[in-house]
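Quick notes on the structure that follows.
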Amino acid sequence: MYFGEASGLKLGKATRDAFGEALKSLGDKFPNVVTVDGDVGNSTRTEPFAKVFPERAFNVGIAESNMVSVAGGLASAGKTPVVASFAAFLLCNAYDQIRMSVAFPNLNVKLVGSHAGISIGEDGPSQMGIEDVALASSFPGMVVMVPSDEITTVKATEAMLEHVGPTYLRLGRPAVPVIYEDGCDFEIGKAIQVRDGDDVTVIANGIMVATALDAAKQLEAEGVSVRVLDMHTVKPIDDAAIAKAARETQALVVAEEHGPAGGLGAAVAISASKSAPVPIAYVNSGDCYAESGDPQGLLEKYGLTPSAIVDAARSVTQR
Amino acid sequence: MSTDTTRPSIDDLQAKAKVIRQHIVRMTTEAGSGHPSSSLSATEVVTALYFGGYMQYDANRPDWNARDRFIMSKGHACPVLYAAMAEAGYFPTEDLMTLRKLGSPLEGHPNLRRLDGIEASTGSLGQGLSIGIGQALACRIDRLESKVFVMIGDGEMGEGQVWEAIATAAKYQLGSLTAIIDQNGFQQTGATGDVLDLTPFQPKIESFGWHVQTINGNDMGEVVAALDAAAAVTDRPTAIVSKTQKGFGILPVLEEAGDLNFHGKPLPADMCEKALELLS
């Protein structure tokens, strides 16, 4: 059983796998791309690229601080480095290096954080990136993307390489349902409306898009019409889509696999407060560190479920 | 402009170092803040790099891709870098007097987005050597023979990232990379040996597989000889442990003030005057 199944979505690849395949296949199109790894390339899936382009791949060992600054140096000499590690280690260990060697000099470094959120499961909270979106969003000029499935991950990977400037791409470990089997338009900073509705809008990203679709189906059965926006870009946030949703549906639910501070919820709240302040409810993994366990069990225990979104939608439409 | 390899004499370089020291003292006193003593210790090395024929650069084309690069990892010592850059023609020497003032690209710590010719934005210690490795790797991919020089403070060696970088540069056998440790013996609150003693540097760095020399970094002859020796090593990275004195060139003035560290503060007007007399 997986969230999204009830909506008829087929289980596809993990976003990290889609990224790894995309990066490898884009290697010829983007000859300046190089990878810089902290010895987890077989987990982050930069490994396929490194095998095809060994002279453009650097494994600098378990030293994330150095890894990020080396990438800054490569970028300042004309390369497009893709730096990949677990989201938690990349953003938390190397935060100052991202600030000083990437963001402040505004260099064209592509940060990729895999194993984001609690759905990594058994390895436990030390490996779970639950602060990464907040930390990445805090840097002036940083683009922050959280794709929801394999299709948008491939598009986000290419968009990231096309974009000139620092970006953060957040990836997950487990296989996730395919949302865009028929394709989709993908543009940095532009939300995708996955489903239209009038009564409430669920704004989600990452694995929570599929979960939101299950919730929308349940609510529809109760006569509540739900719009679902895939807010794959947290920064720059799509102010226009948020304003439109707030005006047209008069209530918002934000769902993300992240802690409550500084992530998608905060970005949506700031945006809506400037344009069309409406009641907003928040679904996230809570102000806590989770625990080891099976991914599905963790999502249920820590409230990242269709029913959590249903409850949030019910309460927010009554405020 | 320095794209030829003609070597000026030691006397010429010493004369240039004196001019740069005058700039350092004047600009920080004018700014009312800054790190003159940390800049003065590094003056011989920076002067030799920019004016001794050891770096190929073109001040009119700061983005020339085949240039050699200098990174001031101890970013607070940027007055010596700004002074050298002005003398090299990156901008007029009058601009040195805008140091740290609103609107000036000569910020309190180097900012590559504001000033052409700055190779890395520094000021949070410990990152310059890693950045230099990235630049050296990029040049290697592009089959450029560019060299990368990184100046690190001895206090800065306390940052673990520097040691991560030392190991990484050895892994990639970066013969184009030279690190200069400006061992002036002081950091913000006192003697480096008292705060966190990481000496001796030479055997430690050698043990990673680097070529290392230890010199008197305020002796221009030794500096030039060390840079020549470093240039001859092409199969591995090189380090120059440059033993210096913080505030070298105006030491009697600092002695009189009873503060041989004199960290992070400009000379007051009267001391500035005395210092400039010593440097005239």
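The values are calculated or read from the model by the stated rules, or taken from the named source; none is laboratory data. Remember, predicted model here, so these are calculated numbers, not experimental data. Every residue, glycine among them, receives a Cβ derived from its backbone with ideal geometry; neighbour counts consider all protein chains shown. Surface areas here come from the heavy atoms of the whole protein model, side chains and all, with no ligands, DNA or RNA. Shrake-Rupley method; radii C 1.70, N 1.55, O 1.52, S 1.80 Å.
Distances between placed amide hydrogens fall under 5 Å for B:Phe186 paired with B:Thr192, all partners being 5 or more residues away or on another chain. Remark: segment B:13-25, residue by residue, has Karplus-estimated 3J(HN,Hα) of 5, 5, 5, 5, 4, 5, 4, 5, 4, 4, 4, 4, 5 Hz, where x stands for each Gly or Pro and the curve is 6.51 cos²θ - 1.76 cosθ + 1.60 at θ = phi - 60°. For segment A:197-220 versus segment A:261-300, the spacing of their alpha-carbon centroids is 14 Å. Shown is the FRET efficiency for A:Arg319 and A:Glu187, computed with R0 = 41 Å from the Cβ-Cβ distance and rounded to the nearest 0.05: 0.80.
The string of couplings for segment A:14-27 from the Karplus curve (6.51, -1.76, 1.60, θ = phi - 60°) is 5, 5, 5, 5, 4, 4, x, 5, 5, 4, 4, 6, 8, x Hz, one whole number per residue in order, with x for Gly and Pro. Between A:Lys274 and A:Glu300, what's the calculated FRET efficiency when r is the beta-carbon distance and R0 is 41 Å? Round to 0.05. My answer for the efficiency is 0.70.
For chain A, the per residue solvent-accessible surface stands at 35 Å², with DNA, RNA and ligands left out and a 1.4 Å probe. Using the Cβ-Cβ distance between B:Ala257 and B:Ala15 with R0 = 35 Å, the FRET efficiency computed as 1/(1 + (r/R0)^6) comes to roughly 0.85.
Expressed to the nearest 5 percent, the antiparallel share of DSSP beta bridges inside segment A:192-317 is 20 percent. Expressed to the nearest 5 percent, the antiparallel share of DSSP beta bridges inside segment B:84-194 is 25 percent. The label point for B:Arg236 and the one for A:Ser138, both projected 7 Å from the Cα toward the Cβ, are 4.0 nm apart.
Using a 1.4 angstrom probe on protein heavy atoms only, the contact between A and B buries about 2000 square angstrom of accessible area, both sides summed. In whole percent, how big is the carbon plus sulfur part of the accessible area of segment A:192-317, probe 1.4 Å, protein atoms only? Carbon and sulfur together cover 52 percent of it.
Spacing of the modelled spin labels on A:Ser307 and A:Arg247, each 7 Å from Cα toward Cβ, amounts to 3.8 nm.
Per residue, chain A reaches -10500 deg cm²/dmol at 222 nm when only DSSP H runs of four or more residues are counted, each adding -39500 (n - 2.57). Quick query: amide H of A:Ala281 versus all other amide H atoms, modeled in the peptide plane; which residues come in under 5 Å with a sequence gap of 5 or more or a different chain? Amide H neighbours of A:Ala281, under 5 Å, 5+ apart: A:Leu252, A:Val253, A:Val254. Taking every lysine pair in chain A that is 8 or more places apart or spans two chains, those with Cα atoms closer than 15 Å amount to 13. Taking amide hydrogens as placed 1.01 Å from N in the peptide plane, the amide H of A:Tyr289 sits under 5 Å from that of no residue at least 5 positions away in sequence or on another chain. For segment A:230-309, chymotrypsin sites (Phe, Trp or Tyr not before Pro) meeting the loop criterion (DSSP other than H, G, I, E, B) and having at most 16 other Cβ atoms within 10 Å: A:Tyr289.
Beta bridges assigned by DSSP with both partners in the protein assembly as shown are antiparallel in approximately 15 percent of cases. Candidate cross-link partners of B:Lys101 among the lysines, defined by an alpha-carbon separation under 20 Å and a same-chain spacing of 8 or more, comprise B:Lys265.
Going from the chain on its own to the full set of protein chains, segment A:83-130 has these residues losing 20 Å² or more of accessible surface (heavy atoms, 1.4 Å probe, no ligands, DNA or RNA): A:Asp96, A:Gln97, A:Met100, A:Ser101, A:Phe104, A:Pro105, A:Asn106.
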